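Presented below is the structure to which this report refers.
The values are calculated or read from the model by the stated rules, or taken from the named source; none is laboratory data. What you are looking at is a predicted structure, and each value in this text was computed from that prediction instead of being measured. A quick note on method: Cβ atoms are made from the backbone with ideal geometry, for glycine too, and the neighbour counts reach across all protein chains shown.
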Amino acid sequence: MKQTKAYAAASASSPLKLNHIQRRTLTSSDVAIDVLFCGVCHSDLHTVRDEWSSIMPTTYPCVPGHEIVGKVVGVGSEVTAVKVGDTVGVGCLVDSDQACPMCHAHVEQFCGHAVFTYNSPDKHLGGVTYGGYSEYMVVDHRFVLRVPDHLDLAGAAPLLCAGITTYSPMRRWGNLQGKRVGVVGLGGLGHMGVKFARAFGADVTVFTTSSSKLEDAIRLGAHHVVLSSDADAMKQHAFSFDFVLDTISADHDLNSYIQLLILDGTLTLVGAPENPMPVSSFGLLFGRKNVNGSLIGGIKETQEMLDFCGQHNITADVEVIPIQKINEAYERLLKSDVKYRFSIYMASLREN
Ligand code: NAP
Ligand code: ZN
């Protein structure tokens with residue numbers, strides 16, 4: 001075992017602060033990683049504050065972080081896919097049973113024995129898994145991704161969650177070339193959704209509550225942008241979208257986005273607000289509309305997404321912060337005041 005510095009929350013109302021955790025001794029199938037950057041996902045904040053208590057209660061201390069980029073510093077004897085010195089990524093998953101129909105279908109995120117990167121039972125050490133707000137990690141090689149070396153690493157870290165979560169449902173929808181795509185909420189997920197939709201050839205519209213993001217939406221690749229508080233503009237866009245990706249992190253009126261869909265159109269929810277949200281049946285009946293959800297993506301698809309980003313030079317727009325600023329960053333995330341992802345420079349933890 002190896003003691004490692006990490007930032008942890010002691011309870012739902014405590015700030016994150018320096019702590020020490022244990023990482024397991026490398027097994028033959030493990031990869032040891034020095035963490036370089038870790039993105040700050042809104043799921044980290046939901047989990048730290050126990051906002052998903054009815055579905056996934058948080059065990060404390062909680063070390064979040066699942067948008068991890070690091071350098072390999074050790075490999076077990078069975079590991080051939082990566083070697084010491086490689087740049088690698090770890091996303092939201094660190095294990096699964098590798099035997100069930102979900103794993104065979106490459107959707108390990110739905111495996112009944114999936115182990116998430118933090119706040120999931122740790123079968124090696126007991127307790128729960130600890131995430132990437134830490135110096136060092138040990139991860140089974142099947143859950144370690146190759147990160148294209150030429151990408152900016154601070155901006156590549158968010159691909160491991162925000163990237164795959166937006167890439168996966170768009171790919172699954174089908175060929176978006178020339179289709180009208182709406183991205184709702186221009187945060188960490190939303191801005192990646194815009195970049196992918198644009199790269200897939202869609203006609204992209206951003207729906208935002210923030211007037212300060214209107215110009216950025218276009219700079220990021222959108223063709224159109226709508227302030228969602230403008231009822232007239234929302235009405236003008238009714239019945240015109242093939243696909244809408246909803247990334248909002250807080251409770252909101254789903255019906256106003258369902259009305260945007262054309263006949264047989266689909267609204268995919270990736271945002272995970274704390275409370276259930278009412279849906280009007282009539283809004284779905286008229287136009288045979290579909291509402292579904294999507295959870296990250298499997299490991300194979302995550303590698304495909306990273307390779308796609310390597311080919312198209314796609315990374316997140318990040319504000320790089322030292323870990324000591326994490327509590328302030330959470331307050332800003334709550335105010336939608338980040339353009340568009342915080343990425344923690346993990347060397348700052350080594351200096352702590
Ligand atoms: P984020 O960076 O905070 O972005 C969320 C955006 O939602 C904000 O930037 C804001 O966009 C909009 N928003 C916030 N409060 C709002 C409100 N009250 N009404 C309307 N719009 C509001 O968060 P994120 O990291 O992208 O995550 C978004 C959500 O996805 C979170 O709930 C997170 O837990 C979830 N998530 C799900 C998955 C999955 O696998 N399904 C993976 C990762 C994250 P504007 O300023 O443009 O309005
Ligand atoms: Zn995430």
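Brief remarks follow.
- In the set (1) assigned to a helix (DSSP H, G or I); (2) touching a helix residue (DSSP H, G or I) at 6+ places or on another chain (Cβ under 9 Å), the condition left unmet by residue 212 is number (2).
- Any hit, the stretch 237-244, residues being within 16 Å of ligand 1 (Cβ to nearest atom), hydrophobic (A, V, I, L, M, F, W, C), in contact with an Asp or Glu (Cβ under 9 Å, 6 or more places away or on another chain) and not assigned by TED's automatic domain parsing to the domain that holds residue 47: no
- For residue 277: the one exception among (1) assigned by TED's automatic domain parsing to the domain that holds residue 200; (2) within 25 Å of residue 46 (Cβ to Cβ); (3) in contact with a Lys or Arg (Cβ under 8 Å, 6 or more places away or on another chain): (3)
- Qualifying residue in the stretch 226-236 (condition: in contact with a strand residue (DSSP E or B) (Cβ under 8 Å, 6 or more places away or on another chain) and within 16 Å of ligand 2 (Cβ to nearest atom)): no
- Flag if residue 57 is part of a loop (DSSP other than H, G, I, E, B), loosely packed, with under 15 Cβ neighbours inside 10 Å, within 16 Å of ligand 1 (Cβ to nearest atom) and modelled with pLDDT of 95 or more: yes
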